[in-house]
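Taking it in order: structure first as structure tokens, then the write-up.
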Amino acid sequence: MTRPKTQVDLERLLRGDRAALARAITLIESKRADHRQAARKLLDRVLPHTCKAVRVGVTGVPGVGKSTLIDVLGSDLTRQGHRLAVLAVDPSSTRTGGSILADKTRMARLAVDPNAFIRPSPSSGTLGGVAAKTRETMLLCEAAGFDVVLVETVGVGQSETAVADLTDFFLVLMLPGGGDELQGIKKGVLELADMIAVNKADGDGMKRAAAAAAEYRSALKILTPPSATWSPPVATVSGLANHGLDALWRTILDHREKLAATGELAAKRRRQDTRWMWALVDERLHARLSGDAAQRERVRRVEQAVAQGEISPTAGADELTALLGL
Ligand code: GDP
């Protein structure tokens, strides 16, 4: 007998059954109204079993070495007995129909590792929508016993901010590019970083990586640190040669320990929860407005009328909120 899609075996999920986990994630990613309701109920039930994992965000331009580093570090972690989930936030996947992040073919070792679970980015519309689904997927993974969650992203739009908002520790990977590097970097990304790791510090890249690290150190000095207890360190690493990854993991644990001791970690997660709530409200309002074809057409007309100066933004907002019954 096939089980209806809206039913997820909670016991199996909590025991870490991958099929039950995959099924639960499919449910929360579904746009169908009955699935959404079932997903909400499921999330309520798993919530007491969440919040246990070390949540790490990883960002860096394509080619910086994210998948190589995650594959190598992740395999070290599973060998030490951890269970690792790799997720992705890739808003561009909405347009291209597929995410290049958290792709099993890019992480050959983790792809066949029974203690690793890789899930590509949901492609559910807005960045807020993608981030909300990723947060829910993270919670399901935690309930299924994954004690380390890595969330990968590239600098598309505000995706770094969204991932920093999902995680406890935000790792920014940089290329060993020397002086020009800094100019291409969004200042906002440095502000989000809990650590900068200049990757590919191996062979010919070693010297350039050290030079780049020195630049980032001075760049960080003029920024306000993210917390009174934590000044983001800058390290050189090589994912490919597995150099510095041990120390990187120890830094993540050190950060966790320090911020847990001061209560900052709990406060950070509570702030994230509040923002998550508003993101959900936002998403639901948008979903209501784009409910059926006629509704979407009315919204489009109002938007057009405002864009062409035919009606004021206030009048437009009045019309749209009237559609919501407000
Ligand atoms: P991603 O796009 O950020 O996931 O980057 P990849 O992990 O796919 O790596 C991009 C390219 O850089 C590949 O050709 C890798 O072999 C190479 N690469 C990744 N990590 C390192 C490293 O630590 N050192 C060197 N020299 N090359 C690396």
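Considering only TRP278, ALA293, ALA317, the residue lying farthest towards the positive end of the dipole of region 276-323 is ALA293, judged by Cα position with unit charges set on Cβ. Fully extending the segment from ARG18 to THR50 would add 9.9 nm, taking 0.36 nm per residue of separation and subtracting the current Cα-Cα distance.
Out of the DSSP beta bridges found with both residues in the chain, what percent are antiparallel (nearest 5)? Write down the numbers at each step before the final one.
Working: 2 of 28 bridges.
The antiparallel proportion sits near 5 percent.
Normalising the average separation of contacting C-alpha pairs (under 8 angstrom, six or more residues apart) by the number of residues puts the relative contact order of the chain at 16 percent.
Summing Lys and Arg as +1 and Asp and Glu as -1 over all other residues whose Cβ lies under 12 Å from the Cβ of LEU171 gives a net charge of -2. Averaging the Cα positions of each part gives two centres, and for region 212-243 and region 291-326 these lie 47 Å apart.
Per residue, the convex hull spanned by the Cα atoms of region 1-48 amounts to 70 cubic angstrom. In a reduced charge model with +1 at each Lys and Arg Cβ and -1 at each Asp and Glu Cβ, region 276-323 shows a dipole moment near 120 debye about its Cα centre.
Packing-based ranking of 34-46, 65-77 yields 65-77, 34-46, ordered from highest to lowest mean Cβ neighbour count within 10 Å.
Counting Lys +1, Arg +1, Asp -1, Glu -1, what net charge surrounds SER67 among other residues with beta carbon under 9 Å of its beta carbon?
Details: positive: LYS66, ARG106; negative: ASP71, ASP103, GLU152.
Net of charged neighbours comes to -1.
Projected label points at GLU319 and ALA294, each 7 Å from Cα along the beta carbon direction, are separated by 1.7 nanometres.
The helix-only estimate of mean residue ellipticity at 222 nm for the chain, built from DSSP H runs of length n ≥ 4 each weighted as -39500 (n - 2.57), is -16500 deg cm²/dmol after division by the residue total. Since only CYS141, ALA261, TRP230 are under comparison, the one whose Cα sits farthest along the positive direction of the charge dipole of the chain, derived from C-beta charges on Lys, Arg, Asp and Glu, is CYS141.
Its Kirkwood hydrodynamic radius, worked out from the mean inverse distance over all distinct Cα pairs, puts region 71-163 at 13.3 Å.
Gyration tensor analysis over the Cα atoms of the chain returns equivalent ellipsoid semi-axes of 35, 26, 18 Å (largest first, whole Å). Using the Cα gyration tensor of region 1-154, with a ≥ b ≥ c the square roots of its eigenvalues, what is the shape: rounded (a/c below 1.5), prolate (a/b larger than b/c) or oblate (neither)? Here region 1-154 falls in the oblate category. When Rg and Dmax are taken over the Cα atoms of region 276-323, they come to 11.6, 35 Å. Summing charges over neighbours of ALA287, with a neighbour being any other residue whose Cβ is under 12 Å away from its Cβ, gives +3 when K and R count +1 and D and E count -1.
Dipole check for the chain: with +1 at the C-beta of Lys and Arg, -1 at the C-beta of Asp and Glu, and the Cα centre as origin, the magnitude is about 720 Debye. Whole angstrom only: what separates the Cα centroid of region 267-283 from the Cα centroid of region 114-170? Between the Cα centres of region 267-283 and region 114-170 lies a distance of 14 Å.
Bear in mind that the values in this text are calculations on the coordinates, not laboratory data. Keep in mind the model is a prediction, meaning the values are calculated, not measured. Neighbour counts are summed over all protein chains in view; Cβ atoms, including those assigned to glycine, are modelled from backbone coordinates with ideal geometry.
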